[in-house]
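Just below is one structure, and these are the notes that go with it.
We did not get these values from a lab; they are worked out from the coordinates using the rules stated. Please read all numbers here as calculations on a predicted model, not as lab measurements. Here the Cβ positions follow ideal geometry from the backbone for every residue, glycine too, while neighbour counts run over all protein chains shown.
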Amino acid sequence: MSRTFGTIRQLGYVVPDIASAITHWVERLEVGPFFYIERQPVNDFTYRGEPSEPEFSVALAQAGPVQVELIQQRNDAPSAFREFTNAGGEGLQHIAYWTTTFGDLVDRAAALGYQELQRGRSGSGGPDERFAYFTAGGHAGTVVEISEVAGRKAALFEAVAVAAAGWDGSGPVRDMTTLVTR
């Protein structure tokens, strides 16, 4: 557990083919079910301080206490995901910490010298759906995401975890919009 950020809650993998990645996780690792959305809504997105409009697909599943996020960017808009793939990266791109005190945790990251890569609001763009990605610099290690988890986003993440807890292997890929429209 990080003294600053708390418990790692999510592992974020950037993949070139999300369907193949889901198949791997389901069939080889027996993790699922995955909740998939073809075009993840993103609002107020900035990359390195400049507005950008990335389009990406996302699939979420739970593996014990950790959420697995698979991301495939669908366009060439600037983002930390595109930067990662352009540098030849594929696989684990970030670890995420969840918080209900987003501003405080972002301020702590900045005070520790972390450099912001991107930020925005996921889902409906509500006031409790913010995220920010940081790098500590000087090391080619994993990016840190700070994700605000309250409201609809918290309900989505809880529904993913509940589905995994009772998963019998059926319905390995499900429509994420069924969870976010409740």
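The table below gives the values:
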{"item": "Region 1-61: C-alpha gyration tensor shape, a/c 1.5 cut-off, then a/b vs b/c", "result": "oblate"}
{"item": "The chain: angle of helix 151-165 to the longest principal axis, Cα-based, in degrees nearest 10", "result": "40"}
{"item": "With Cα atoms, 0 to 90° folded angle of helix 102-111 axis to the chain main axis", "result": "50"}
{"item": "Summed side-chain charge close to GLY151 - residues other than GLY151 whose Cβ falls under 10 Å, Lys, Arg +1, Asp, Glu -1", "result": "-1"}
{"item": "Phi to ³J(HN,Hα) by Karplus 6.51 cos²θ - 1.76 cosθ + 1.60 over region 3-13, Hz, x for Gly, Pro", "result": "5, 8, 9, x, 8, 5, 10, 8, 10, x, 10"}
{"item": "Modelled label reach - GLU50, point 7 Å along Cα→Cβ, region 72-109 residues with backbone N closer than 12 Å", "result": "77-79"}
{"item": "Lys, Arg +1 and Asp, Glu -1 on Cβ, resulting dipole of the chain about Cα centre, debye, nearest 20", "result": "280"}
{"item": "Among THR46, GLY169, ILE95 - extreme Cα towards positive end, dipole of the chain, charges at beta-carbon", "result": "ILE95"}
{"item": "Residues with amide H under 5 Å from that of GLU55, placed H, sequence gap 5 or more", "result": "ARG74, ASN75, ALA77"}
{"item": "Net charge, SER57 excluded, C-beta distance under 12 Å - Lys, Arg +1, Asp, Glu -1", "result": "-2"}
{"item": "For region 68-76, 3J(HN,Hα) per residue [Karplus equation, 6.51 cos²θ - 1.76 cosθ + 1.60, θ = phi - 60°, Hz, x = Gly/Pro]", "result": "9, 10, 10, 10, 10, 6, 9, 9, 9"}
{"item": "Computed magnitude of the charge dipole of region 36-90 (debye, nearest 20; Cβ of K, R +1, Cβ of D, E -1)", "result": "100"}
{"item": "Summed residue charge, Cβ within 12 Å of GLN67's Cβ, Lys/Arg positive, Asp/Glu negative", "result": "-1"}
{"item": "About the Cα centre, charge dipole magnitude for region 79-119 (Lys/Arg +1, Asp/Glu -1 at Cβ), debye", "result": "40"}
{"item": "Cα gyration tensor, region 1-118 - rounded (a/c under 1.5), prolate or oblate", "result": "oblate"}
{"item": "Antiparallel bridge percentage (DSSP; both residues within region 49-182; nearest 5)", "result": "75"}
